[in-house]
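Right, one structure below, let's go through it.
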């Protein structure tokens, strides 16, 4: 089980195959209702199974979907009121490269902790709140990349030479193209630090470049070649 001191925001890097389950580490936070609960996600392409685990988890489980090809997942920061913790869960759907485009699905996830006598349980509910069609291209087998900070979700595919930046509040999409690095290559990595800085890498080796953003999604700088491709202090996960 991953420590509660890990960041809840996840970036790309850990491939999940078959029906392997994914543990999303919880954000460090005080007095969260679901502090002793982890949610496990199992990607099944057209759906994602989930189950609550931990000493206060009870037996809550279920599935979210349907998707054409779910390819990445990231959880937002939680808010707690009483015994209820709420957070957004962002699922990137790669589509099929034709009529079904790349979608960002925004789910509202609530954890309601109930204590009766000596028994404590978590009732988990997911509600699809928004669905955004992105400008990103895809094709069969295209690799997905996604990271997030408190203000935006950053997404890309290996079929596009630009990345999408989706504002969490308005869900408005902007893009950053690889040409800002003077190259014209697809996205090859997106990573974020626990402080919210985000690095988008295009291309590989001597043809690589990167663009960096701060925790408020303000553009910071751009670079070329293989100075670095991921932040050293990031927690990398979760594409599949």
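Calculate, in nm to one decimal, what residue 44 and residue 127 gain on full extension: separation in residues at 0.36 nm each, minus their alpha carbon distance.
Values: separation 83, 0.36 × 83 = 29.88 nm, distance 1.87 nm.
Going from the current span to full extension adds 28.0 nm.
Specify whether the C-alpha gyration tensor of the range 131-183 places it in the rounded, prolate or oblate class, a ≥ b ≥ c being the square roots of the eigenvalues: rounded for a/c under 1.5, otherwise prolate if a/b is larger than b/c and oblate if not. Please report the intermediate quantities before stating the final value.
Details: a/c = 1.93, a/b = 1.31, b/c = 1.48.
Because a/c hits 1.5 or more and a/b fails to exceed b/c, the range 131-183 counts as oblate.
Multiply the residue gap between residue 116 and residue 204 by 0.36 nm, knock off their C-alpha separation, and tell me the result in nm, one decimal place.
On the way: separation 88, 0.36 × 88 = 31.68 nm, distance 5.54 nm.
So the extension gain works out to 26.1 nm.
Values quoted throughout were computed directly from the atomic coordinates according to the rules given, and no laboratory measurement underlies them. In this text the structure is predicted, and so the values were computed from the model without any measurement.
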